[in-house]
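Working notes, structure below.
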Amino acid sequence: MDITVTELKEKIDKGEKFIFLDVREPHEYEEFNLGAKLIPVGGIMNAIPDFEDHKEEEIIIHCRSGARSGMAKNLFEAAGFKNVRNVLGGVLAWRENF
């Protein structure tokens, strides 16, 4: 199930624990980021094994608009991860709302 930027902000503000990934490119991350771990979408396939011990944990993925993070979410789910969420609207929606 995907997540809105409002729901994400509430989780961050409450200090909830989750794995937070940003799948944009380094130059986008440098320009503006939400504090997530940067793994450009092109490197997701190689990074998925690093998260093998976290298959049951909530993983929230964002990008600029939600398209690349949607692809990354699908890759994680195909690898057997159960609780992966895409941030709808990505950084664009975040900046528009906050």
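Observations on the structure shown:
- Some residue of segment 36-43 being small (G, A, S) and open to solvent by 70 Å² or more (accessible area, probe 1.4 Å): yes
- Within segment 20-48, the set of residues being touching a strand residue (DSSP E or B) at 6+ places or on another chain (Cβ under 8 Å) and among the hydrophobic types (A, V, I, L, M, F, W, C) comprises F20, L21, V23, L34, A36, L38, I39.
- Meets criteria (open to solvent by 60 Å² or more (accessible area, probe 1.4 Å) and under 10 Å from the mean Cα position of the chain (by Cα)) for K82: no
- The residues of segment 1-19 that are open to solvent by 30 Å² or more (accessible area, probe 1.4 Å), under 17 Å from K73 (Cα atoms) and either out of contact with any strand residue (DSSP E or B) (no Cβ under 7 Å at 6 or more places or on another chain) or at pLDDT 95 or above (or both), listed by number, are D2, T4, F18.
- Identity of the residue in segment 44-64, hydrophobic (A, V, I, L, M, F, W, C) and assigned to a helix (DSSP H, G or I), that ends up most open to solvent (accessible area, probe 1.4 Å): M45
- Subset of segment 1-40 [assigned to a helix (DSSP H, G or I) and in contact with a Pro (Cβ under 8 Å, 6 or more places away or on another chain)]: P26
- Residues of segment 68-79 satisfying the condition of being open to solvent by 30 Å² or more (accessible area, probe 1.4 Å), touching a residue at least 12 places away in the same chain (Cβ under 8 Å) and over 14 Å from H54 (Cβ atoms): R68, M71, L75
The values are calculated or read from the model by the stated rules, or taken from the named source; none is laboratory data. Not measured: the values here are computed from a predicted model. Cβ: placed from backbone, ideal geometry, glycine included. Neighbour counts: every protein chain shown. Please note that ligands, DNA and RNA were not included when accessible areas were found on the heavy atoms of the full protein model with its side chains. Shrake-Rupley method; radii C 1.70, N 1.55, O 1.52, S 1.80 Å.
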